[in-house]
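Right, one structure below, let's go through it.
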Amino acid sequence: MDKSWRWPARVILGIGGLIVAGGLILAYGSLSLVLYGERAPGVVTELRREGNMYAPVLRFRLPSGEAHEVKALGSGAPEFAVGDEVTVLYAPTNPDNFVIDDFDQLWLSAIIVTGFGCFWLMFGVVAWALSRNGDLALVGERAFLTIALVAAILGLVTTWNATALYRSGLRAEGQVTEIRTSRYTDQEQVVLRDGRERRRDVERTSYAPVVRFTTVEGREIEFFGRGGSGTSYGEGDVVTVAYDPARPINAHIVSFIDLWLPAAVAWGVAILFGGCVWISRRMRLRAANR
């Protein structure tokens, strides 16, 4: 057995276990509000900008009739619009302990954290298998198959959502009011003239169009288009918007990048990793039949 992999495997499995535990704790907090919390109709009264984050301010009434105002966690792009009607779940003894009764608000953070932890666990299992002299090809196939299956599930979900919005969503004429820029530092590896390799920090810029449109009810909605390292839009450009009439902030510019790119990326990853599994199995079968 290659014992050199044993300690790295234990460390990776430990980190993955802690991350999964954090995700389960987040899920438990949401579940306790779903099971034992009070429900109240609320309305988004304000979108409070805090740096590059947008935090919805909600107002709802307690059983006593008193109006209570709370601020939800912010996000990089607005997830609600002023005037949106929502259902608020809150702890009876502490109304400030609340969550909006929406799938993303309730479960998305827990799913992302738990999924990230599961990837750590998967790599930990791979390292543990290597420490036990496991078949590297077989272990790699199972890891790649797991990635392909997760990507395929994401592809199905994103394709379903994009198709539903494209077919059933309402259309409106929108205008690009701003090109929002965000800067971040990335690392890249470069080769020096003497052949040595080194890493250096590179500042990159991402651009996202901010689009404003008016719904058929006369509500003015502002949302972020999909960002990237470049933009084909300029301030004042007129675009076609598809939006969900039940939740107008769920809107996208009718274009491949804004509407279909996430699904295309997910399916591309699924096909790439699934194809690697298929090729590996074909090669192993050919070797076994010789």
**Prompt:** Looking at (1) crowded, with 16+ Cβ neighbours inside 10 Å; (2) of a type in the set (Val, Ile, Thr); (3) over 24 Å from Leu108 (Cβ atoms), can you tell me which one Val11 breaks?
**Reply:** (1)
**Asked** Given the conditions (1) out of contact with any strand residue (DSSP E or B) (no Cβ under 8 Å at 6 or more places or on another chain); (2) open to solvent by less than 70 Å² (accessible area, probe 1.4 Å), which single one is not true for Trp267?
**Response** (2)
**Asked** How many of the residues making up region 53-106 are free of Cβ contacts under 8 Å to residues at least 12 places away in the same chain and either among the aliphatic types (A, V, I, L, M) or farther than 21 Å from Phe224 by Cα (or both)?
**Response** 6
**Message:** Return the residues of region 255-269 that are at pLDDT below 95 and more than 17 Å from Val239 (Cα to Cα); say none if nothing qualifies.
**Reply:** Leu261, Pro262
**Fill in**
For region 171-192 the number of residues that are more than 13 Å from Glu203 (Cα to Cα), modelled with pLDDT under 90, surrounded by 11 or more Cβ atoms within 10 Å (Cβ to Cβ) and of a type outside the set (A, V, I, L, M) is 2
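The values are calculated or read from the model by the stated rules, or taken from the named source; none is laboratory data. Quantities reported herein were computed from a predicted structural model and do not represent experimental measurements. Please note: Cβ atoms are built from the backbone with ideal geometry, for glycine as well, and neighbour counts cover all protein chains shown. We work out accessible area using only protein heavy atoms, side chains counted, and drop any ligands, DNA or RNA first. Shrake-Rupley method; radii C 1.70, N 1.55, O 1.52, S 1.80 Å.
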